[in-house]
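K.L.:
To start, I am sharing the structure in question, which I have written as structure tokens.
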Amino acid sequence: MTGDTLLNVCGLSLEVAGTGLHVVKDVGFDIAPGEIVGIVGESGSGKTLATRALISLLPAAVRVTGGTVRYKGRDVLSMSNSDLRAMRGLEIGVVFQEPMTSLNPSMTIGRQLEEGLLLHTKLAPAERRARILDMLKRVGILNPEGALTSYPHEFSGGMRQRIMLASVMLLKPALLIADEPTTALDAVIQRDVMELMVDLTTAEGTAVLLISHDLPMVARYTDRIIVMEKGAIVEQGRADELLATPQHPYTCKLLSSLPYRGETRAIDKSKAPMVSAQNIVVDYPGRRSFLKKGRGKRALHGVSIHIHEGEVVALVGGSGSGKTTLGRTIAGLVKESGGTIKFQGRSRDEDWRNYRLDCQMVFQDPYSSLDPRMTILALVEEALRLVPNLNGEGKRRRALETLEEVGLGKDYASRYPHELSGGQRQRVAIARAIARRPKFLIADEPVSALDVTVRAQVLDLFSDLQKRYGFSCLFISHDLGVVEQVADRVVVMQEGRIVEQGDRGAIFDSPKEPYTRRLLSAIPALDHNASGGVTLKWRLEN
């Protein structure tokens, strides 16, 4: 350990107590003051457990079996509880993955931000308030005074992550650990939060340890990258060198799993659209109180969209743009306040039963959309309940065939949803949707919660199934990298309105609207090289 090293980790090993299962094996790295280091890897690679050990914040069932962690020369693993409490927050700050679970829902934002200052400083009340208001302004909260008396649920995900960052940076820590700080955010908000974090930490001279499975994002903002697989570090080095010339097969696998532009397909648009939504308006009523009715909100402002036979139309936009509302309205799960929806040239309401059978939906979170009490086979068979001319044995055979098609064999038929991984559950959700051989499929953020390699597998599966059965698809996503791989046409939404639409090439290569350009500037264009690596070029940047 050299004099300019802020944190030194050497031979760190962790195991689950009583099982002999080693979840972190011989991990070692250094962080210098002001340096930004990224740790990448899939879920289960041990990156979060390894970083929690840096502040002795491990689960009760996990224990350290070897190695040292030294912060400014002090042995963290042998610190007393009082020394650890003094170090956490003041010396080392942590931004967790989901701010809603990190912020206390029963306390105002002002009280929560003041907690750290009360614990670690001797500032007077007026000084604490002034520092909090200044930090809220710096993180982009438009009404800092009002935020002090507000609660976490009154803010969007991006704003909550800004508040979480403000609470950590108030104490000006020497090291910031950011554990998947932008996973649940759309691309534009993700970039805003990351650039804010980098600006704040650079201004204070804070070192950053960034944990993520998003390689392009880590590469953009870090000096060095550490790659973990199955609890061990398999490769580390300068960000640009590691991406351009990866040495380990696992790093090559991660890079090869990044989204790529799919092939251009010819879509026959001479026939009437498979699905046509014209001038759709959706109004949500205001919240009723004892004395008066609250003001409602218009979620969709006369939106029109057409999807032809065999076409994949991507609906993109930031959180709150209305894309999920439009998808659920077309599916019949939300009642439109105005406008018309046609299916194969006829009003959807004329043959509602058959429309609902021919229109299937894949939801964002498969765990909440799959009944935990039913086996995988029963879940897929349920989708076939109203199929005519298909007896019980026929339904079972179709269900098993469909599971095979999505890469889940007979061994999975008797399992329950909790026994599968996130990617496997999403495959079950897709199997349920295609088992009926629908003509139209709505996929709402089907890969947003998946690791990069699992996401690539599910996207390839989706493309294969779409080619095989030729269903039309409305693909809803905030990840434009995914959209570039699967879509034929792209529709961009903002605040309940369509701001731009066109063929994929036209939208990605020559966007006209500022909002579309802003969305695209948040994702990289990837050039793969002969070494198995990639060069990241950020779109629309000179």
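Only the coordinates and a few stated rules stand behind these numbers; no lab work does. For clarity, every value in this text was computed on a predicted model and none was experimentally measured. Note that we place each Cβ from the backbone using ideal geometry, even for glycine, and neighbour counts take in every protein chain shown.
K.L.:
So what J values fall out for the stretch 310-320 if you push phi through Karplus, 6.51 cos²θ - 1.76 cosθ + 1.60 with θ = phi - 60°, rounded to Hz, Gly and Pro as x?
P.N.:
Couplings: x, 8, 10, 9, 8, 10, 10, x, x, 4, x Hz.
K.L.:
As a footprinting exposure proxy, order VAL168, VAL486 by other Cβ within 10 Å, with the fewest listed first.
P.N.:
VAL486, VAL168
K.L.:
Within the stretch 447-521, which trypsin sites (Lys or Arg not before Pro) sit in a loop by DSSP and count at most 16 neighbouring Cβ atoms inside 10 Å?
P.N.:
Hits after loop and neighbour filter: LYS512.
K.L.:
Any of LYS269/LYS323; LYS335/LYS410; LYS297/LYS342; LYS342/LYS467; LYS323/LYS395; LYS323/LYS467 with alpha carbons more than 31 Å apart? Name them for me.
P.N.:
Cα-Cα > 31 Å for LYS335/LYS410; LYS323/LYS395; rest within.
K.L.:
Here's another thing I want to ask about it. Any idea what the dipole of the chain comes to, in debye rounded to 20, about its Cα centre with Lys/Arg Cβ at +1 and Asp/Glu Cβ at -1?
P.N.:
About 1740 debye.
K.L.:
Looking at the stretch 109-138, which trypsin sites (Lys or Arg not before Pro) are DSSP coil and have at most 15 other C-beta atoms within 10 Å of their C-beta?
P.N.:
Sparse-neighbourhood loop trypsin sites (Lys or Arg not before Pro): LYS122.
K.L.:
Continuing with this model, one more query. Could you give the radius of gyration (one decimal) and Dmax (whole number) of the Cα atoms in the stretch 7-256, in Å?
P.N.:
Looking at the stretch 7-256, its Cα Rg and Dmax stand at 18.3, 56 Å.
K.L.:
Which of the lysines could be linked to LYS137 by a straight reach, that is with a Cα gap under 24 Å, when you skip same-chain ones fewer than 8 residues away?
P.N.:
Partners found: LYS122, LYS172.
K.L.:
How large is the dipole of the stretch 7-256 about the Cα centre if only Lys and Arg carry +1 and Asp and Glu carry -1, each at its Cβ, rounded to the nearest 20 debye?
P.N.:
540 debye
K.L.:
Is the stretch 348-425 rounded, prolate or oblate when judged by the Cα gyration tensor, a ≥ b ≥ c being the square roots of its eigenvalues, rounded requiring a/c under 1.5 and prolate requiring a/b larger than b/c?
P.N.:
oblate
K.L.:
Quick one: SER421, SER45, fewest Cβ neighbours within 10 Å first, how do they rank?
P.N.:
Sorted ascending by nearby Cβ count, the order is SER421, SER45.
K.L.:
Return one number: the angle in degrees, 0 to 90 and rounded to the nearest 10, between the long axis of the Cα atoms of helix 392-405 and the longest principal axis of the Cα atoms of the chain.
P.N.:
For helix 392-405, the angle is close to 50 degrees.
K.L.:
For each of ARG346, ARG425, count neighbouring Cβ atoms within 10 Å of the residue's Cβ, then give the residues from fewest to most.
P.N.:
Ascending number of Cβ neighbours within 10 Å: ARG346, ARG425.
K.L.:
For the pair GLU382 and ALA203, what calculated FRET efficiency results from E = 1/(1 + (r/R0)^6), where r is the Cβ-Cβ distance and R0 = 60 Å, to the nearest 0.05?
P.N.:
0.60
K.L.:
With the dipole of the chain worked out from charges on the C-beta (+1 for Lys and Arg, -1 for Asp and Glu) around the Cα centre, which of ALA525, VAL188, TYR71 lies farthest toward the positive end?
P.N.:
The residue sitting farthest along the positive end of the dipole is VAL188.
K.L.:
Can you list the lysines whose alpha carbon is less than 22 Å from that of LYS253, not counting same-chain residues fewer than 8 positions off?
P.N.:
Output for LYS253: LYS25, LYS47, LYS230, LYS537.
K.L.:
Taking the Cα-to-Cβ direction at HIS418 and at THR535 and moving 7 Å from each Cα, how far apart do the two end points lie in nm?
P.N.:
5.1 nm
K.L.:
Which value, in debye to the nearest 20, describes the size of the charge dipole of the stretch 142-294 about its Cα centre when Lys and Arg Cβ atoms bear +1, Asp and Glu Cβ atoms bear -1, and nothing else is charged?
P.N.:
740 debye
K.L.:
Now, a different point. With loop defined by DSSP as not H, G, I, E or B, and exposure as at most 13 other Cβ atoms within 10 Å, which is the longest segment of the chain clear of exposed GluC sites (Glu not before Pro)?
P.N.:
264-540
K.L.:
I would also like to ask the following. Picking from LEU113, ILE280, HIS478, whose Cα lies most toward the positive end of the charge dipole for the chain (charges on Cβ: Lys, Arg +1; Asp, Glu -1)?
P.N.:
The residue sitting most towards the positive pole is ILE280.
K.L.:
Between LYS335 and ARG517, how many nm apart are label points set 7 Å from Cα along the C-beta direction?
P.N.:
4.3 nm
K.L.:
State, as an integer percentage, the relative contact order of the chain based on alpha-carbon contacts under 8 Å between residues 6 or more apart.
P.N.:
So the answer I get is 15 percent.
K.L.:
Which Cα, out of VAL198, MET164, GLY231, lies furthest along the positive dipole direction of the chain (beta carbon charges, K/R +1, D/E -1)?
P.N.:
MET164
K.L.:
Per residue of the stretch 138-155, what does 6.51 cos²θ - 1.76 cosθ + 1.60 with θ = phi - 60° give for ³J(HN,Hα)? Whole Hz please, x for Gly and Pro, Karplus curve as stated.
P.N.:
Once rounded to whole Hz, the list reads 5, 8, x, 7, 5, 10, x, 4, x, 5, 4, 9, 8, 10, x, 5, 7, 10.
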